[in-house]
C-alpha cells in the first residue's frame, strides 16, 4: 500500500466538529453550516450527521480550487445512509436549475446505487454507477472514491476498495460558478437531493490515485485521518529495499522482503508510526 502524500490534495474535511463550520485540514476551503448539521460517531472520531427533513448541508462558494476542466481529480468520503428513499447528494458542485452542473457524487434511489456524474457543458451529463458494489445497505459505512482520469479518458467509482466501475469519457468538466456542497446540491433556492445520513473524512485531490493508494486510504475499513499523510516510514523503507532486494512487497503496518531464487527468506516487520 502506498501513502498518496499531500502534494496534490486540495481539501480534506475531517468533520469532527460537533456543529457549525467544518474546517478544511489541508487548505482554506472551510464549509459553512446550513440549518445546523450536528454530529454522530464516525469511522475516525466524529462524523457530520445530516437530516434530510431539515434541509441540512455544508457548503462553500465557487473557487478555483474546487473547479475542474479536462483534468484529473478525485473525490472521496465515508458515507453511512440512514435511509434510502430518495436521491441523496454526498459531494457536489452541481446546480441543475441554472445549468451549472459540474460534478456530483450521490446515492441514486431509482438505480439503488452510488453514482458519479460529470458535465462538460453545465447541462448534459455522463455517469458511472457502482454496480460492482450493488445495492448499499442502510446503517453501513462505505468508503467511496470517484475520479475523472483525463489521461485515460474515463470516469470511475470504487466502493470499499472493491472492483472499480469505469466508463469511457473524454470531454472533461464544466468549470462554473456552482457552490461546492456536502449533503445536498446548492442549498439556495434551487437546492435538491438533501442527504439523510453521516459523512466522514471527505476530500478532493487534483490527481488520480493508483490502486495501491486507494487501498492505503481504505486501510482495511478503518479509514485514515489527515495527519496520516505525513507518515514517511513506508516510503523510506520502500526506497531502501528497492536497492537491497530484487522483489519487495510493502504493507501499511509491515513489509516482507522476499529474495528470489533463494532457499530462505527474511521477514521483517516495521510498525507504521
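With over 14 Å from residue 74 (Cα atoms), in contact with a strand residue (DSSP E or B) (Cβ under 8 Å, 6 or more places away or on another chain) and crowded, with 21+ Cβ neighbours inside 10 Å as the only criterion, which of 196, 139, 175 stands out?
196
Within the set 61, 100, 123, 74, the sole residue that is surrounded by fewer than 15 Cβ atoms within 10 Å (Cβ to Cβ), touching a residue at least 24 places away in the same chain (Cβ under 8 Å) and farther than 15 Å from residue 182 by Cβ turns out to be 123. Restricting 215, 168 to those that are surrounded by fewer than 23 Cβ atoms within 10 Å (Cβ to Cβ) and free of Cβ contacts under 8 Å to residues at least 24 places away in the same chain reduces the list to 168. Among all positions in the range 2-13, there is no residue which is farther than 18 Å from residue 230 by Cβ, crowded, with 20+ Cβ neighbours inside 10 Å and in contact (Cβ under 8 Å) with a residue 60 or more places away in the chain. Among the criteria (1) out of contact with any strand residue (DSSP E or B) (no Cβ under 7 Å at 6 or more places or on another chain); (2) in contact (Cβ under 8 Å) with a residue 60 or more places away in the chain; (3) surrounded by fewer than 18 Cβ atoms within 10 Å (Cβ to Cβ), the one residue 28 does not fulfil is (2).
Throughout, read-outs are computed from the coordinates displayed, never taken from laboratory work. Here the structure is a predicted model, which means the values were calculated and not measured. Cβ: placed from backbone, ideal geometry, glycine included. Neighbour counts: every protein chain shown.
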